[in-house]
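Visitor: Handing you a structure now.
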Amino acid sequence: MSTAAVMENQPHVPEVIPTFTATLIIRRFDPEVDDEPRWQDFDVELRGTDRVLDALHKIKWEQDGSLTFRRSCAHGVCGSDAMRINGRNRLACKTLIKDLDISKPIYVEAIKGLPLEKDLIVDMEPFFESYRSINPFLMASGSPDKERKQSPVERARFDDTTKCILCAACTSSCPVFWTDGQYFGPAAIVNAHRFIFDSRDEGAQVRLDILNDKEGVWRCRTTFNCSEACPRGIQVTQAIAEVKMAVLRGKP
Amino acid sequence: MSVIDAPRSKAAPKRRGINWEKWGWIYMRASGVVLVVLIFGHLFVNLVAGEGVKAIDFAFVAGKWADPFWVVWDTLLLWLALIHGGNGMRTLVNDYANNTTVRRILLAGIFASTAILIILGTLVIYTFDPCPVGAAPELLPSFCPVP
């Protein structure tokens, strides 16, 4: 009752949300016009709650409709909008502008190591090809007509690597992947780890054989770029190390 | 109920022979651990223990190699370090040399220099004689027995 009385007494002032201006420098590339990518800057009026993705939307909707980028869920689940923001691979939808240094321009470019198609879009096919080649599905014998039981401890063994959203932030931050397109890359190894250490799965040997290849886990140089880039906080380098040890043991 | 055959994608062809990438990786880890002991032991004995760095001269080296312990130590140090370094450079070349011809030339160069250094070094360790018989006396170090 007292709360309502206080609210009635106060004059109604429309709340003004403070805004600020940030400069984004975006690496543009239109294959029909440009021979080389070029940097273009945009000034955007933003609020404290805005993310890099909101800034990109404002540019696309209000300033330059030709700006091209991928996004789907816009909430860090679908993994569509991984990009290189101020030299680090992040999800545009999980990076708040206010967390970046807005006294300087914000550099946004496409992830590296994959063929650039337009503006912030790269060809993800090589990435998905190496993902497919590690058999990213449950390989189990018998028909699926009853529950496959698993204890909480067995489930916890591979919990970290189930979080992968295939955004390619890790793989496109890997210096080995930049120079050697044949390397499976961290994301594929993470997804192999997810099944290799799954007690219900019977295909561990097949996957370990695939990753024991010349271009498999041994190409990993333990630079930790992938662990740092992962927007889901997966300990990617640790997962790769566990797969290496499993290859040496010959079993998970 | 029909079940889709797994795996749906083709399994990787089984390769034959030794998996050099795997053994190379294991070698780098194993030799790295041993080299930490060998290198710091070497540095301590040569530079810190006793009189320190002032003690190093021809007689010091001759004295060390009169002891089979140091012969084995230095042989291990030579082989492990050179192969470790050569394998590391091989990895770098495989990473960054895209051109097949350039890569082959660089790899051959790394292999040749590693092999030559190992052979020469081993030869020196095992054929070293501070007082060779029949040498001119004025060229011999002072600790050699006067004939």
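Visitor: With each label point set 7 Å from Cα along the Cα-Cβ vector, what nm distance links B:Asn99 and B:Val48?
Guide: 4.7
Visitor: By a straight-distance test (C-alpha under 30 Å), which lysines pair with B:Lys22 as possible cross-link partners, with residues fewer than eight away in the same chain excluded?
Guide: Those lysines meeting the cut-off are A:Lys112, A:Lys163, A:Lys214, A:Lys244, A:Lys251, B:Lys10, B:Lys14.
Visitor: Here is a follow-up. So, R0 is 45 Å and r is the distance between the beta-carbons of B:Val61 and A:Thr179; what FRET efficiency does that work out to, to 0.05? The partial results should precede the final answer.
Guide: On the way: r = 43 Å, r/R0 = 0.95.
So the FRET efficiency works out to roughly 0.60.
Visitor: Applying the Karplus parametrisation 6.51 cos²θ - 1.76 cosθ + 1.60 with θ = phi - 60° to the phi angles of the stretch A:165-176, what ³J(HN,Hα) value in whole Hz is obtained for each residue in order, glycine and proline being reported as x?
Guide: With the stated coefficients, the stretch A:165-176 comes to 10, 6, 8, 6, 4, 6, 4, 7, 9, 8, x, 5 Hz.
Visitor: Restrict the search to the stretch B:41-136; then list the chymotrypsin sites (Phe, Trp or Tyr not before Pro) that DSSP places in a loop and that have at most 14 other Cβ atoms within 10 Å of their Cβ.
Guide: Values: sites: B:Phe44, B:Phe58, B:Phe60, B:Trp65, B:Phe69, B:Trp70, B:Trp73, B:Trp79, B:Tyr96, B:Phe111, B:Tyr126, B:Phe128; in loops: B:Phe128.
Loop-located and lightly packed - B:Phe128.
Visitor: Over all residues in A:125-136, what is the mean tally of Cβ atoms on other chains that come within 10 Å of each residue's Cβ? Write down the numbers at each step before the final one.
Guide: On the way: counts 0, 0, 0, 0, 0, 0, 0, 2, 4, 3, 6, 1.
That average works out to 1.
Visitor: Loop only per DSSP, at most 16 neighbouring Cβ atoms within 10 Å: give me the chymotrypsin sites (Phe, Trp or Tyr not before Pro) in the stretch A:141-228, ordered by residue number. Before the final figure, lay out the partial values.
Guide: Details: sites: A:Phe158, A:Phe177, A:Trp178, A:Tyr183, A:Phe184, A:Phe195, A:Phe197, A:Trp218, A:Phe224; in loops: A:Phe158, A:Tyr183, A:Phe184, A:Phe197, A:Phe224.
The qualifying sites are A:Phe224.
Visitor: When all protein chains stay in place, what accessible area (Å², nearest 10, 1.4 Å probe) is found for A:Cys164?
Guide: 40
Visitor: For the stretch B:21-103, what is the accessible area per residue in Å² when the probe is 1.4 Å?
Guide: Values: 4920 Å² over 83 residues.
Accessible surface, normalised per residue, equals 59 Å².
Visitor: Quote the total accessible area buried by chains A and B together, excluding ligands, DNA and RNA, probe 1.4 Å, nearest 100 Å². Intermediate results must be reported in sequence, preceding the final value.
Guide: Details: alone 13790 and 11410 Å², together 23380 Å².
Separately minus together, A and B give about 1800 Å² buried.
Visitor: Also: Mind listing the long-range amide H neighbours of A:Tyr107? Cut-off is under 5 Å, sequence gap 5 or more, other chains count too, H placed in the peptide plane at 1.01 Å from N.
Guide: HN-HN under 5 Å from A:Tyr107: A:Ile25, A:Asn86.
Visitor: For A:Glu117, what residues show an amide H to amide H distance below 5 Å, using hydrogens built from the backbone and excluding near sequence neighbours?
Guide: Result for A:Glu117 returns A:Val122, A:Asp123.
Visitor: Also, quick follow-up: I need the phi-derived Karplus couplings for the stretch A:140-156: 6.51 cos²θ - 1.76 cosθ + 1.60, θ = phi - 60°, integer Hz, Gly and Pro marked x.
Guide: 9, 8, x, 8, x, 9, 9, 4, 9, 7, 8, 7, x, 5, 5, 5, 5
Visitor: Treat each spin label as a single point 7 Å out from the Cα along the C-beta direction, and report the B:Ala108 to B:Val72 distance in nm.
Guide: About 3.9 nm separates the two model spin labels.
Visitor: May I pose another question? What angle, in degrees between 0 and 90 and rounded to the nearest 10, separates the Cα long axis of helix B:68-96 from the longest principal axis of the Cα atoms of chain B?
Guide: The answer is roughly 40 degrees.
Visitor: Which value, in Å² and to the nearest 10, is the accessible area of A:Arg200 when all protein chains are kept and the probe is 1.4 Å?
Guide: Rounded to the nearest 10, that gives 70 Å².
Visitor: How big is the accessible area of A:Arg51 in square angstrom, nearest 10, if you roll a 1.4 angstrom probe over the protein chains?
Guide: Spelled out: A:Arg51, probe radius 1.4 Å, area about 50 Å².
Visitor: To the nearest 10 degrees, how steeply does helix B:100-127 sit against the main Cα axis of chain B, on a 0 to 90 scale?
Guide: 30
Visitor: On to the next question. Okay, helix-only estimate at 222 nm for the protein assembly as shown: each DSSP H run of n ≥ 4 adds -39500 (n - 2.57), divide by all residues, round to 500 deg cm²/dmol; what do you get? The partial results should precede the final answer.
Guide: Numbers: 13 runs with 160 residues, N = 399.
Calculated at 222 nm, the ellipticity per residue is -12500 deg cm²/dmol.
Visitor: Let me ask something else. Would you mind computing the Rg to Rh ratio of the protein assembly as shown from its alpha-carbon coordinates, Kirkwood style for Rh?
Guide: My calculation puts Rg/Rh at 1.15.
Visitor: Report the GluC sites (Glu not before Pro) located in the stretch A:137-224 that are in a DSSP loop and have at most 15 other Cβ atoms inside 10 Å of their Cβ, or state none.
Guide: On the way: sites: A:Glu147, A:Glu154, A:Glu202, A:Glu215; in loops: A:Glu147, A:Glu202, A:Glu215.
Answer by residue number: A:Glu147, A:Glu202.
Visitor: Counting only protein heavy atoms and using a 1.4 Å probe, what share of the accessible area of the protein assembly as shown belongs to carbon plus sulfur, as a whole percent? Show your work: numbers first, answer last.
Guide: Numbers: 14030 of 23380 Å².
Whole-percent figure for carbon plus sulfur exposure: 60.
Visitor: Three principal axis extents, largest first, for the C-alpha atoms of the stretch A:160-209, in Å?
Guide: 35, 24, 11
Visitor: Please compute, for peptide B:18-29, the average count of beta-carbon atoms on other protein chains lying within 10 Å of each residue's beta-carbon.
Guide: Details: counts 0, 6, 2, 8, 9, 1, 1, 7, 3, 0, 1, 1.
Shielding by partners across B:18-29 averages 3.
Visitor: Here's a follow-up. At 0.36 nm per residue, and after removing the present C-alpha to C-alpha distance, how many nm does the segment from B:Tyr27 to B:Thr122 gain when stretched out fully? If you can, show how the numbers build up before the last one.
Guide: Working: separation 95, 0.36 × 95 = 34.20 nm, distance 2.04 nm.
Roughly 32.2 nm would be gained on extension.
Visitor: Name the cysteines of the protein assembly as shown that stand alone by the Cβ rule: no other cysteine Cβ under 4.7 angstrom.
Guide: A:Cys93, A:Cys164, A:Cys167, A:Cys174, A:Cys220, A:Cys230
Visitor: According to the Kirkwood expression over distinct Cα-Cα pairs, how big is the hydrodynamic radius of chain B, in Å? Please list the in-between numbers first.
Guide: On the way: mean 1/r = 0.0508 Å⁻¹.
By the Kirkwood definition, the hydrodynamic radius is 19.7 Å.
The values are calculated or read from the model by the stated rules, or taken from the named source; none is laboratory data. No experiment lies behind these values; they were computed from the predicted model shown. With ideal geometry, Cβ positions are generated from the backbone for all residues, glycine too; neighbour counts draw on all protein chains shown. In case anyone asks, the SASA skips ligands and DNA or RNA and just uses the protein heavy atoms, side chains included. Shrake-Rupley method; radii C 1.70, N 1.55, O 1.52, S 1.80 Å.
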